[in-house]
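What follows is a short report on a single structure.
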Amino acid sequence: MYALGIETSCDETSAAVLTDRFEVLSNVILSQDEVHAPYGGVVPELASRQHIKTIDAVVGEALARAGVELKAIDLFAVTQGPGLVGSLLVGLSFAKGLAYYFKKPLVGIDHLEGHIEAAFLENRDIGFPALALLVSGGHTSLYLLEKKLSYRLLGKTRDDAAGEALDKVAKFLGLGYPGGPLIEKLAAKGDPTAFAFSRPRIKDAPLDFSFSGLKTAALKHIRESEISKEHPRLADFLAGFEEAVARSLVDNLARAVDEFGPKSLILCGGVARNTRLRARFRQFADRQKLPAFIPSPKMCTDNAAMVAALALEKRAAGIPMSVDLDLDAYPR
Ligand code: KG4
Ligand code: ZN
């Protein structure tokens, strides 16, 4: 039995083929970074146009790499939201067309649940309850999973997402887009203690995140120390900022661990590719003697394997499936 997943929620066009034993036969990800880089961020209209141009080829490539024909697909899965509505609609319309033509079930997938599923796809033995820290360009949230397919939101960002804060500081310094990986590279040899950043804590909601304060502190350092692309202390500054972002994420996780006593910890989303964050997360988990599950870097990025996997998970749980042509995209 084969599932085809499609993901077009933001600026990656992706398609993947999985077996019902959760084997990833293909997971093609086409990034639009080059299209958006000149603007320092994702331009929604360009993103949807680019998805329209490439989706057919990306799906074709995923099938070819898997060695599976379209007519052999038993289940179609597509990201429904949250994301850019125009981008989502491209994947959704394409998947609807396929499901209708082949008369096979179509499952709409939540993008955030998809990111969490990436951890389960690579580790079939995650113990419950699990705490999942989801860190991406659009979202920063903490979930409690009491069991499979159950997601209780414990906290979310009040302002910027962590990836968004990294991207904005990078844009401000003219480093390029996306900012997260560029900051990671430039910060690698920096001293994270050279610049002071105080970490936020929201009194009435200690599990909520906030990154606007850190961003303002970063802009203040940039102004006061005249940090630029060529500044000799650029690496120190970026290392300090990256460290503060990572630690503030782990701070909230620590509070949630105290409160909920989980059996395992999950880190996921695009920013989970970050080496420093992965290290801080693992160090914390080791101190707590809890197993840490972090998807491989490719699985942290927006991809369609996590989308197909979650659909298979729902099918295995006995959730009814049909060709639902009324499925609509949701931006939030
Ligand atoms: O999950 P994702 O691929 O797309 C969204 O759903 O948002 O995450 C994209 C975000 C961007 O903000 C990007 O700068 C960040 O993930 N990112 C990183 C790294 N790679 C991607 N941030 C820090 N370090 C990285 N290596
Ligand atoms: Zn994402």
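The values are calculated or read from the model by the stated rules, or taken from the named source; none is laboratory data. What you see is a predicted model, and the numbers here were worked out from it, not measured in a lab. Using ideal geometry, Cβ is built from the backbone for each residue, glycine included, and neighbour counts are taken over all protein chains shown. Just the protein is used for accessible areas: all its heavy atoms, side chains included, with ligands, DNA and RNA removed. Shrake-Rupley method; radii C 1.70, N 1.55, O 1.52, S 1.80 Å.
Fully extending the segment from ALA57 to SER225 would add 55.7 nm, taking 0.36 nm per residue of separation and subtracting the current Cα-Cα distance.
Summing +1 for each Lys or Arg and -1 for each Asp or Glu among the other residues whose beta-carbon sits under 13 angstrom from that of PRO297 gives 0. Global size of segment 182-238: 13.1, 41 Å for Rg and Dmax (C-alpha atoms, Rg to one decimal, Dmax whole). For segment 128-290, what is the accessible area per residue in Å², given a 1.4 Å probe and the full set of protein chains? So segment 128-290 comes to 46 Å² accessible per residue, rounded to a whole number.
Hydrodynamic analysis of the chain uses the Kirkwood radius over alpha carbon pairs. Inserted into Stokes-Einstein at 4 °C and 1.567 mPa s, it gives a translational diffusion coefficient of 64 µm²/s. Estimated at 0.36 nm per residue, the fully extended path between LEU153 and PHE260 surpasses their Cα-Cα distance by 37.3 nm.
Here the relative contact order of segment 128-290, from alpha carbon pairs under 8 Å that lie six or more residues apart, stands at 29 percent. Say we join alpha carbon atoms closer than 10 Å with springs in a Gaussian network model of the chain; which of GLY318, GLY108, GLY163 then has the biggest fluctuation? Greatest mean-square fluctuation among the candidates belongs to GLY318.
Working value for segment 238-291: equivalent-ellipsoid semi-axes of 20, 11, 10 Å, each the square root of 5 times a Cα gyration tensor eigenvalue, largest first. Estimated from helical segments only, the mean residue ellipticity of the chain at 222 nm is -14000 deg cm²/dmol, where each DSSP H run of four or more residues counts as -39500 (n - 2.57). Highest-first packing order for the peptide set 83-96, 109-122, 146-159 is 109-122, 83-96, 146-159, based on the mean count of other beta carbon atoms within 10 Å. Using a Gaussian network model of the chain in which every pair of alpha carbons under 10 angstrom is joined by a spring, one finds that among ALA66, ALA305, ALA130 the greatest mean-square fluctuation is at ALA66. The share of accessible area on segment 128-290 that comes from carbon and sulfur is 50 percent, using a 1.4 angstrom probe. Taking max minus min of the alpha-carbon positions on each principal axis, segment 149-304 gives extents of 46, 36, 28 Å, largest first. May I ask you to give the percent of accessible area on segment 1-82 that is carbon plus sulfur, with a probe radius of 1.4 Å? Using a 1.4 Å probe with all protein chains present, segment 1-82 comes out at 51 percent carbon and sulfur.
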